[in-house]
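Below is one structure, written out as structure tokens; comments come after it.
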Amino acid sequence: MKSIIPKNDDERKKINIYSGVIKYFPRALCAVALRSAAGSKQLHPDEPMHWDRNKSKNELDSMMRHILDEDWDAVAWRALANLEKKIGGARWHTVKKHRLK
């Protein structure tokens with residue numbers, strides 16, 4: 001996997017994954033990780049954990065159903081999946097465009 005992290009030190013320092021995400025949402029991220037593992041095991045019980053994007057195509061409709069069911073870890077997973085797909089294989093210059101405008 002190619003890094004999306006820029007090589008420029010000033011740009012790299014703007015990406016605070018620990019202090020800007022993990023530190024804010026540790027329990028929520030654990031819940032999403034558990035959801036991810038359960039989903040992978042359900043779809044591929046005999047394979048290592050992975051995201052099968054061919055079986056994950058309707059993120060927004062699925063997310064809305066999870067909202068109605070108040071299944072919040074699944075909502076978060078679908079939201080992250082949708083964002084990852086929107087950003088795609090982008091490098092840092094494209095990822096920056098997805099920040100708050």
Which numbered condition in (1) within 20 Å of Gly88 (Cα to Cα); (2) free of Cβ contacts under 8 Å to residues at least 60 places away in the same chain; (3) assigned to a loop (DSSP other than H, G, I, E, B) is the only one that Ile5 fails?
(2)
Looking only at residues that are within 14 Å of Arg53 (Cβ to Cβ) and not in a helix (DSSP H, G or I) in the stretch 68-94, which one is modelled with the lowest pLDDT?
Gly89
Criterion first (in a helix (DSSP H, G or I), exposed (fewer than 13 other Cβ atoms within 10 Å of the Cβ), among the aliphatic types (A, V, I, L, M) and touching a helix residue (DSSP H, G or I) at 6+ places or on another chain (Cβ under 9 Å)) does Leu29 satisfy it?
no
Can you give me the number of residues within the stretch 1-28 that are over 21 Å from Arg78 (Cβ atoms) and aromatic (Phe, Trp, Tyr)?
1
Just to check your reading of the model, which residue among Ser62, Ser40, Ser19 is in a helix (DSSP H, G or I) and more than 20 Å from Lys85 (Cα to Cα)?
Ser19
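Counting only residues that are surrounded by fewer than 13 Cβ atoms within 10 Å (Cβ to Cβ) and assigned to a helix (DSSP H, G or I), which one in the stretch 43-59 is nearest to the chain's Cα centre (by Cα)?
Restricting to residues being surrounded by fewer than 13 Cβ atoms within 10 Å (Cβ to Cβ) and assigned to a helix (DSSP H, G or I), the top hit is Arg53.
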Only one of (1) more than 23 Å from Gly88 (Cβ to Cβ); (2) part of a helix (DSSP H, G or I) does not apply to Tyr24, and that is (2)
Restrict the check to the stretch 24-37 and report whether at least one residue is under 21 Å from Lys85 (Cα atoms) and charged (D, E, K, R).
yes
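The values are calculated or read from the model by the stated rules, or taken from the named source; none is laboratory data. Bear in mind the structure is a predicted one, so any value in this text is a computation, not a measurement. Virtual Cβ from ideal backbone geometry, glycine too; neighbours counted across all protein chains shown.
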